[in-house]
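Taking it in order: structure first as C-alpha cells, then the write-up.
None of the figures in this text is laboratory data; all of them are computed from the coordinates on show. All figures in this text were calculated on a predicted structure; none of them were measured in a lab. All Cβ positions, even for glycine, are placed from backbone atoms using ideal geometry, and neighbour counts span all protein chains on display.
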Amino acid sequence: ERVGIHFNYSRLDSNYGSLDLKGDFYQLNLFYNKKDPSDLKEILWTGYLGTSNEDNKNLDYKTRFIGFYGKYTQQIETYYDDFIPKIYVEADLKRLQSKFKDEKTDLGIGFEVSKIVYYEGLKVSLTPIIGYNHEFLKDRIYNYKGIKDQFQDEAKAGMEIKFEYEEITKLFARYEAKKSLNTSNYDNVVAVGFKVMISKN
C-alpha cells in the first residue's frame, strides 16, 4: 500500500472539427495505491486538480478542473514471464470551469501488456495500451445549446515507459492517441511526469 503525490505535465495537440489546438496541461494528484500479489490485482484512487490552456490564432481555450479518478486492474495469468497482460476498468468524475463544459463522468475499459526489466535497484517497464471510454451524463456537461459532445465514445491507444528506483520514485513518459467514435475528431497527448511514494507498508 502506498500514498503519494503525482505531478504531470503534458503537451497537447488536439483537433476539434476545423479547430487545430495546441497547448499545455498541468495536473497534481494525491493518490492511494494498493497491489495484492496473491490475486494479481491493483487498486488506485486519486483526487486531483489542474489546468490546461489550448489555443490557435483565433481562440484561447482555458480550463481549470478538480476531480476523482479510480482504476481497478487485474493481471491475467500466463505461462510467459517476459510479458504481463492486464485488463482494467476506470472511472473519472470531473468538475471543470471553462467556456463550454462544467462537469463530466467517464467510464472506461482496456487492455495492456507490460515488459519489465530489472537492473540493480532500477525497474524499467514498457507498456502498450488500448482502451475504450464512454462519457455519461452528456446532456449536463455543456452550457450552450446546440453544442454536441465530440468525445462521447472514444477509442485510445498508447505507449508508456516507466523508470522506478527502489519503489520510492518513479519517472514516466507516455504517448496516447484518442479517436472519437462519434466524429472525426482526435487528441494526441505526449506526457512526462514523476511520482514520489511517501509511505509504504
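Miscellaneous remarks
- Cross-linked pairs Lys41/Lys104; Lys41/Lys178; Lys34/Lys170; Lys34/Lys104; Lys123/Lys170; Lys94/Lys156: Cα-Cα separations exceed 21 Å for Lys41/Lys104; Lys41/Lys178; Lys34/Lys104.
- Spin-label proximity, Leu28 to region 179-197 - amide N less than 20 Å from point 7 Å beyond Cα toward beta carbon: 192-197
- Residue-count net charge about Tyr32 - beta-carbon cut-off 9 Å; Lys, Arg +1, Asp, Glu -1: +1
- Shown in residue order for region 155-171 are the 3J(HN,Hα) couplings computed by the Karplus curve 6.51 cos²θ - 1.76 cosθ + 1.60 at θ = phi - 60°: 9, 9, 9, x, 9, 10, 10, 10, 10, 10, 10, 6, 6, 10, 10, 9, 10 Hz (x for Gly and Pro).
- Sum of side-chain charges, Tyr48 neighbourhood, beta-carbon under 14 Å (Lys, Arg +1; Asp, Glu -1): +3
- Counted by Cβ distance under 10 Å from Asn133, the other residues give a net charge of -4, where Lys and Arg count +1 and Asp and Glu count -1.
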